[in-house]
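The block underneath contains the structure these notes are about, expressed in structure tokens.
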Amino acid sequence: MDASSPADKPTVAEAYLSALHKHGIRMVFANGGTDFAPIVEGLLRTRERGTTVPRFVTVPHENVAVAIASGFWKVSGTPAAVMVHTTVGTANALCGIMNADRGNVPMLLAAGRSPWTERGHPGSRNNGIHWSQENFDQAAMLRQYTRWDYELRTGQPVNTVVGRALDIAMTEPKGPVYLTLPREVLGDPAVDPGPEPRKRPLGAVPPAPSAEAIARVAKLIAGAQRPLIIGGVPESFFDLGALAQEHAIACAPGPGNMASSDPMNLGAPNEALLAWADVIVVLESPVPWIPRFIRPNAETKLVHIGIDPNFARYPYRGFEMDMAVAGSVAQAIPMLNEALTAEGRANAARIDARRRELTAMRDAVAERRRKAIERGKTQRPISNAWVAHCLNQVKQKDAIISNELGVPAPFVEIEQPGCWLATGGSAGGLGKGVGEAIGAKFAAPERQAIALVGDGSYMFNVPSACHFVERTESVPVLTIIANNAQWYAVRNAAELMYPSGRVTGANSLPVVDLSPSVAYEKLVEFAGGYGERVEDPSQVTGAIERGLRAVADGNPAVLNIAVAAGGRAQD
Ligand SMILES: Cc1ncc(C[n+]2csc(CCOP(=O)(O)OP(=O)(O)O)c2C)c(N)n1
Ligand SMILES: [Mg+2]
């Protein structure tokens, strides 16, 4: 039986593609299979008919496709769709979906479903895998990590289903949704697609925190000697700086949530900073500190503000709270600034004194970093701080940086919002650093996109798939590998657990070493890219310049930089 009817009436697949476009989906990062037959045919037919549909990009690994969609969202503010092949494609996408869930990254993941009929429909089973790939509940594979899942049924209006999927994905806490598309349904003639989407942003308006609660937080801060803010959100990049500077509040904002040069930005929270504070306001931060190592004083007042300050999606989490305020942090920060201004006049002298104290604390942080950079000038293997310093010298101000165990965040200067992609949470599933940079490049082709990755992380990114897409879609990025020839994180974990064990100080460790190291810089050459290995600290700036030039000329670039192990020091 042939699926094309004489009149070639539009199919559900065509209506689905059109519904995606109507709901603002511009890009679909896709990895196909036998379930895609109606989609592939539909793409050709819609082209013939002049129906506008999203751009489909072939991505040869699903985890990379999800990372690209994530980077695209973070830079464009528009969610992307990912489409994968049935159960097996879903399995490969799952690690990325776990990160998207914990990072509140909205996206529509769609997967085909193995045909469910053995005969009688043009889409019926015609391949052995149509029996063996089916499972009992495809969405159960990732239901813990999606906000919603559904299977498109015969006769259903696709506008309504796609609209619902995207509204849920784009409602706080944002996150991935999953739609399965059986081959028979996609191949059926289109039915009424339902009402056209109304002209409005996707998702619900986020809830504002209660003004009364914010007034109470302001009172706590106004009455404090040493208030500290931990966390933040990229949307409030400048608002957080304004709040902190106006009222002299110490900040440990997390990279990408506040300007690196902000005088109130004290970097990552550490033991001394937590011990210093008498009020701590935690902003949208699932893990504000690691209680086993550092903790606030018992009498320090603790306030948590966030869409869900309980992080109910996390099974176990024990951070204490004197006050929990649910609501958008982007709205809370200006509200807090206003409420504090009303409180603050009487405290002017105290605020001035604190501003002096914080300036001295900030100077001490800057001095520590300056010394690390100074040492790095001649260190071999190269220090990560030095690599970051060299990058700061040559990257454009609005360069987009994605980081996955690459050079350390505190040393990279970020002065604009939207330049640091590794904000928010993540499930820690490695393999998204390069893909997110590529997604950023899709969203902002005119900007530099730079992936900072560890040698281990580089391989988790399926570099062949990344460099393939960089070449085929002309979205070149600069990948800088901080190559310490090991999974240092695994070593570090073993040493922390067994400080006087065999592992501590051992030269070489099983399931840690990635040595002898290999020529990662050669891999990109298969895609016509530029690669360079760097061992001499005096060569780093030049190599980054050469890499950025290669990218500007349209070629992917990889720098394989031999760095010291354990150099991922905070600051
Ligand atoms: C998918 C996945 N597999 C394994 C891990 C465990 N893991 C965490 S960090 C790490 C090592 C990463 O190595 P690299 O990128 O070289 O960074 P380094 O630790 O050397 O600084 C591993 C294997 C993980 N987080 N995600
Ligand atoms: Mg490593």
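Things worth noting here:
- Extreme residue, most open to solvent (accessible area, probe 1.4 Å), among residues of the stretch 321-337 that are farther than 11 Å from Val303 by Cβ and not in a helix (DSSP H, G or I): Ala326
- Phe468, sole failed condition from (1) within 21 Å of Ala388 (Cβ to Cβ); (2) touching a residue at least 24 places away in the same chain (Cβ under 8 Å): (1)
- Set side by side, the residues Thr472, Thr541, Thr504 differ, and just one is away from ligand 2 (no atom under 16 Å from the Cβ), among the hydroxyl-bearing types (Ser, Thr, Tyr) and modelled with pLDDT under 95, which is Thr504.
- Taking residues in the stretch 72-97 that are on the phi > 0 side of the Ramachandran plot, and partners anywhere that are in a helix (DSSP H, G or I) and modelled with pLDDT under 95, the pairs with Cβ atoms closer than 8 Å and at least 6 places apart or on different chains are Thr86/Asp35.
- Considering the stretch 141-177, and only residues there that are among the aliphatic types (A, V, I, L, M) and in contact with a helix residue (DSSP H, G or I) (Cβ under 6 Å, 6 or more places away or on another chain), the residue that is nearest to Gly24 (Cα to Cα) turns out to be Val162.
- Considering residues of the stretch 486-497 that are open to solvent by 30 Å² or more (accessible area, probe 1.4 Å) and under 25 Å from Ala451 (Cα atoms) only, the residue farthest from ligand 2 (Cβ to nearest atom): Ala493
- Filter result for Pro227 (under 30 Å from the mean Cα position of the chain (by Cα) and either at pLDDT 95 or above or surrounded by fewer than 22 Cβ atoms within 10 Å (Cβ to Cβ) (or both)): yes
- Pick from the stretch 509-518, criterion more than 30 Å from Gly542 (Cβ to Cβ) and open to solvent by 50 Å² or more (accessible area, probe 1.4 Å), ranking: farthest from ligand 1 (Cβ to nearest atom): Pro510
- The stretch 475-485, subset away from ligand 2 (no atom under 16 Å from the Cβ) and of a type in the set (A, V, I, L, M, F, W, C), residue nearest to Ala65 (Cα to Cα): Val475
- Residue check for Ser383: buried (at least 24 other Cβ atoms within 10 Å of the Cβ), closer than 23 Å to Glu446 by Cβ and within 16 Å of ligand 1 (Cβ to nearest atom): no
- Restricting Thr541, Thr504 to residues that are more than 22 Å from Leu391 (Cα to Cα) and not aromatic (Phe, Trp, Tyr) narrows the list to Thr504.
- Candidates Ala252, Ala222, Ala218 - the one that is of a type in the set (Gly, Ala, Ser), in contact with a Leu (Cβ under 7 Å, 6 or more places away or on another chain) and open to solvent by 10 Å² or more (accessible area, probe 1.4 Å): Ala222
- Residues of the stretch 46-71 that are in a helix (DSSP H, G or I) and open to solvent by 40 Å² or more (accessible area, probe 1.4 Å): Arg47, Glu48, Arg49.
- The set of residues in the stretch 433-462 that are closer than 18 Å to Leu94 by Cα and within 16 Å of ligand 2 (Cβ to nearest atom) comprises Gly433, Val434, Ser457, Met459, Phe460, Asn461.
- Boolean, Ala91 is among the small types (Gly, Ala, Ser), within 30 Å of Val233 (Cα to Cα), under 25 Å from the mean Cα position of the chain (by Cα) and part of a helix (DSSP H, G or I): no
- Residues that are more than 25 Å from the chain's Cα centre (by Cα) and open to solvent by less than 30 Å² (accessible area, probe 1.4 Å), drawn from the stretch 295-320: Pro296, Thr300, Leu302, Val303
- Criterion violated by Thr504 - all others in (1) within 27 Å of the chain's Cα centre (by Cα); (2) of a type in the set (Ser, Thr, Tyr); (3) farther than 21 Å from Glu404 by Cα satisfied: (1)
- Residue ID - nearest to Ala444 (Cα to Cα), chosen from residues in the stretch 534-569 that are open to solvent by 50 Å² or more (accessible area, probe 1.4 Å) and within 16 Å of ligand 1 (Cβ to nearest atom): Arg568
- Test: residue in the stretch 386-398 that is under 26 Å from Ala30 (Cβ atoms) and either more than 16 Å from ligand 1 (Cβ to nearest atom) or within 22 Å of the chain's Cα centre (by Cα) (or both): no
- Among residues that are out of contact with any Ser or Thr (no Cβ under 7 Å at 6 or more places or on another chain) and surrounded by fewer than 24 Cβ atoms within 10 Å (Cβ to Cβ), Lys74 is not included.
- Within the stretch 403-508, helices (runs of 4 or more DSSP H) holding 3 or more residues that are away from ligand 1 (no atom under 14 Å from the Cβ) and more than 25 Å from Pro255 (Cα to Cα): 463-472
To keep it simple, each residue is scored yes or no on (1) closer than 16 Å to Val177 by Cβ; (2) open to solvent by less than 40 Å² (accessible area, probe 1.4 Å).
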residue	(1), (2)
Ile97	yes, yes
Ala110	yes, yes
Gly120	no, no
Asn127	no, no
Asn135	no, no
Leu142	yes, yes
Tyr145	yes, no
Gly155	no, no
Val158	yes, yes
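- Taking the criterion of being of a type outside the set (Val, Ile, Thr), open to solvent by 40 Å² or more (accessible area, probe 1.4 Å) and free of Cβ contacts under 8 Å to residues at least 60 places away in the same chain, the only residue of the stretch 160-172 that qualifies is Arg164.
- Scanning the stretch 336-373 for residues that are among the polar types (S, T, N, Q) and either under 17 Å from Ala277 (Cα atoms) or under 33 Å from the mean Cα position of the chain (by Cα) (or both) yields a total of 2.
- Those residues of the stretch 19-45 which are open to solvent by 20 Å² or more (accessible area, probe 1.4 Å), closer than 24 Å to Trp73 by Cβ and part of a helix (DSSP H, G or I), in sequence order: His21, Lys22, Leu43
The values are calculated or read from the model by the stated rules, or taken from the named source; none is laboratory data. The structure presented is a predicted model; accordingly, all values stated were derived computationally and were not measured. Don't worry about glycine lacking a Cβ; one is built from the backbone with ideal geometry, like all the others, and counts go over all protein chains shown. Keep in mind that these areas ignore ligands, DNA and RNA; they rest on the heavy atoms of the full protein, side chains included. Shrake-Rupley method; radii C 1.70, N 1.55, O 1.52, S 1.80 Å.
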